[in-house]
Amino acid sequence: MIGIIAAILASFIKKERSEIAMMIGIGAGLIIFYFVLSQISIVIRFLSEMLDMVAIEETYFTQLLKMLGVAYVAEFASTICKDAGQQSIAGMIELFAKLSIVALSIPGLMFLVETLEQFV
């Protein structure tokens, strides 16, 4: 509802004051992002239970959470930049996020390779 109301309000205001419309969008995005963060505990609980079932080090769980965080924050920042008309900055944020996720996944990939080597 917050998003719909903000979108309608911003579309009316955008004709006369585009900077205020952009601030409405950013404000609504921050409020929605806050509510999303409050729901993250459910995901963390689920992943913790999964971690208890499978014999995997907690390090990999932490890396997974970091990758999810990078993805969500980058998507949020990229969308704000696109709404502000800064597509090139949004693209750089997305590129940085992708490279960061690859870098964070290296320990997990190494673990996978080591595990596969044990079977060969």
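The values are calculated or read from the model by the stated rules, or taken from the named source; none is laboratory data. All figures in this text were calculated on a predicted structure; none of them were measured in a lab. Ligands, DNA and RNA are excluded from the accessible area calculation, which covers all protein heavy atoms including side chains. Shrake-Rupley method; radii C 1.70, N 1.55, O 1.52, S 1.80 Å.
Numerical summary
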quantity	calculated
Accessible area (Å², 1.4 Å probe, nearest 10) - PHE46	120 Å²
Cα gyration tensor category, rounded, prolate or oblate, for the stretch 73-120 with a/c compared to 1.5	prolate
Of all accessible heavy-atom area on the chain, the percent that carbon and sulfur account for (1.4 Å)	72 percent
Surface accessible to a 1.4 Å probe, LEU37 within the full protein complex, Å²	100 Å²
With DNA, RNA and ligands ignored, accessible area of LYS82 (1.4 Å probe; Å², nearest 10)	100 Å²
Equivalent ellipsoid dimensions for the stretch 27-106 as semi-axes, Å, which come from the Cα gyration tensor, largest first	28, 17, 5
The stretch 1-63, Cα convex hull volume normalised per residue, Å³	88 Å³
Residue with peak Gaussian network fluctuation, the chain [Cα springs, cutoff 10 Å], from SER38, SER100, SER78	SER38
Helix 2-14 axis, angle to the chain major axis (alpha carbon atoms, nearest 10°)	40 degrees
The chain - accessible surface per residue (Å², probe 1.4 Å)	75 Å²
Folded to 0 to 90 degrees: helix 18-53 orientation relative to the chain principal axis, Cα	20 degrees
Under 13 Å from LYS98, Cα to Cα: aspartates and glutamates that are on another chain or at least 8 residues apart	GLU75
In degrees, nearest ten, helix 58-83 long axis to first principal axis of the chain (Cα)	20 degrees
The chain: most fluctuating residue of GLU58, GLU75, GLU16 per GNM, C-alpha cutoff 10 Å	GLU16
